[in-house]
Amino acid sequence: MGGGVAGMSAAHELIERGFSVLVLEKNKMLPGGKARSIPVPDSASTGKQELPGEHGFRFFPGFYRHIIHTMDRIPYPDIHSNAKVSGNLVACPNMMMTRMGKLPIVLPSHLPRSLKDLKEMLKTLQGIETGLTKAETELIARKLWQLLTSCRERRIDEYERTGWWEFTEAAVNSENYRTVFVEGLTRTLVAAKAETCNTKTNGDVLIQMMLCITNPRIENDRILNGPTNEKWLFPWLAYLQSKGVDYRFGAEVTKIETSGRLVCGVRAKVNNTEEQFQADYYLCAMPVERAALITNTPAMLSLDPNLSFISKLAPSVAWMNGMQFFLRHDVPIVKGHIILADTPWALTAISQVQFWDVDISDYGKGDVRGIISVDVSNWENKGIIFKLPAKECSREEALTEVWEQMKMSFNVEEELIRDEDLIMGYVDESIVFSEVLLRLAKSGKRSDPKTGGSRSFPGYGNNRVTSNEEPLLVNEINTWSIRSDSRTAIGNFFLAADYVRTFTDLATMEGANEAARRAVNNIIEHSGTRAEFCGVWDLHEPKWLLYYQWKDRKRFRQGLPWKLKEPWFGPVFNFFLNILRKLKLI
């Protein structure tokens, strides 16, 4: 039930182990759930493909292991018979953090690997003004060291119940500190507000990102070299179907039926007709808000009362949805992801075409040369232009607001993005709009490209946001304890989604793939087959941290708080740091 990354991952592992697999997917045309790229309606001229929109840009950090292992086993149609879709991943060598009206911070996504890399990094660091005080810089270092050296028990018990805002001491430090560290560093992965998300999840993600940056053998930041459907999901679906997976589009699961102590069937709406499907095992890979509708029933809860945890988690979702801006000229901006750190709507972005190996003129009307893909992670803060939250904007207002926030962030030294280069904008189809009255902008005039305005967001009418069909689960404080693993008390019913417990512990493609593997392993064990279990891997942390974590474990078991311990390389590190400061390189 559910044909997103979790459902496709489970189908992949099961079909290769000799099971017969039926996938029921609500979407009528496209596989992959939130990972899919979305053809922009009515955007193509005859003989061309529709422009590629997205739910949000794809991001494959270096610590992703489960999903990459799966991608290594998906054939990609190419002149080389052994090509895999993982070969379509390309590295993003840089990352950028912008601040409105200030020079951006641009850094490599990994430590220097050559003398040339080192010189370029030092050159980039010169003149950067973060706005952080010396005390705040030291506090960041201390918090990072605390995350690295805290034992697992402390992270699960103490940090999972501690908000990220509280842990980072955000309230008593400057706005620059909150912008750069508290809210900025993890935004590309986590849609949550710093005030409500837990330190375990945020901390684990930040640790993994840091460790990948310091590992010369790992590319810390990768993306696909073209639209997600073409470069990954369509080849994946073709492979699954070639192996015998029955992938049913337009099949919306509406009810789970039980008999005795087992699930005996599910009902799904297919082409406006309700159909029943039966199997030996049932695997729920639906998102939390939809899974709650079919599991929180008297029949299901009588068999497993613990399933109520799904409905308890259902409100713990945030909006992290995409917009795309299609340009007449490619504007690379930077070779990697961009955190627009102080934007009210918490924007992250990437200029995509510079990484693609497709002919972009084959899309739309042939005039698009650049695509800036943006994720909007805060739909509740008021914007700058219309003074409205994104949730209260019309489609045109939302696109205008994001475009203007990008201009304020990018056009500091030079005009990187210009109104006259913009062809059109697109909002993720899962954002639903309804009719409202026209509203006035701050200036008292509404920007209307159809009557002489410069921006190109035509044909969207006066609709405002009413709902989000595909929100994202967020790990808020005190939620780990109520979550379950992939097993349930119902012998033939299993869970495979980002709301079950995993090492990844994050609503991502990696978390979905790991959850699917855990569910498949339980099905294998329950069925009594001799099939090989799926590989499941913990997050990697270097062995030199084990000593410090062991010391912290002793303190934790004695009821003592974490205590700062200077690493053996600390004096050496500080010596070189002071040299760089005296040379004004940092």
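The values are calculated or read from the model by the stated rules, or taken from the named source; none is laboratory data. Everything quoted here is computed from the prediction, not taken from an experiment. Cβ sites come from the backbone with ideal geometry, for glycine too, and all protein chains shown count toward neighbours.
I'm trying to understand the selection: among the residues of region 350-393, which are outside any strand (DSSP E or B), in contact with a Ser or Thr (Cβ under 9 Å, 6 or more places away or on another chain) and within 18 Å of LYS335 (Cβ to Cβ)?
Within region 350-393, GLN352, ARG369 qualify.
Could you list, in sequence order, the residues of region 145-166 that are farther than 12 Å from ILE477 by Cβ, under 25 Å from the mean Cα position of the chain (by Cα), among the charged types (D, E, K, R) and crowded, with 19+ Cβ neighbours inside 10 Å?
ARG155
Does GLY4 qualify as being among the small types (Gly, Ala, Ser) and out of contact with any helix residue (DSSP H, G or I) (no Cβ under 7 Å at 6 or more places or on another chain)? Talk me through it step by step, then tell me what you get.
Values: among the small types (Gly, Ala, Ser): yes; out of contact with any helix residue (DSSP H, G or I) (no Cβ under 7 Å at 6 or more places or on another chain): no.
Here the answer is no, as GLY4 does not meet what is asked.
How about region 409-434: which of its residues are crowded, with 17+ Cβ neighbours inside 10 Å and within 15 Å of ASP342 (Cα to Cα)?
Result: SER409, PHE410.
Which of (1) assigned to a helix (DSSP H, G or I); (2) within 25 Å of the chain's Cα centre (by Cα) is the odd one out, the single condition GLN241 does not satisfy?
The one condition GLN241 does not meet is (2).
Yes/no per residue for (1) closer than 25 Å to SER150 by Cα; (2) exposed (fewer than 15 other Cβ atoms within 10 Å of the Cβ); (3) under 25 Å from the mean Cα position of the chain (by Cα):
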| site | (1), (2), (3) |
| --- | --- |
| ALA496 | no, no, yes |
| THR504 | yes, no, yes |
| HIS526 | no, yes, no |
| THR529 | no, yes, no |
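Name, by its number, the condition in (1) small (Gly, Ala, Ser); (2) assigned to a helix (DSSP H, G or I); (3) not assigned by TED's automatic domain parsing to the domain that holds ARG483 that does not hold for GLY322.
Only one criterion in (1) small (Gly, Ala, Ser); (2) assigned to a helix (DSSP H, G or I); (3) not assigned by TED's automatic domain parsing to the domain that holds ARG483 is unmet by GLY322, namely (2).
Consider SER409 carefully, then state whether it is under 17 Å from ARG99 (Cα atoms), touching a strand residue (DSSP E or B) at 6+ places or on another chain (Cβ under 9 Å) and of a type in the set (S, T, N, Q).
So SER409 fits the description; yes.
Identify, please: which residue in region 413-456 is of a type in the set (Gly, Ala, Ser) and within 21 Å of PRO39 (Cα to Cα) and is, among those, modelled with the highest pLDDT?
Selected residue: GLY425.
Quick check on region 190-235: of everything there that is modelled with pLDDT under 80 and touching a strand residue (DSSP E or B) at 6+ places or on another chain (Cβ under 7 Å), which residue is surrounded by the most Cβ atoms within 10 Å (Cβ to Cβ)?
ALA192
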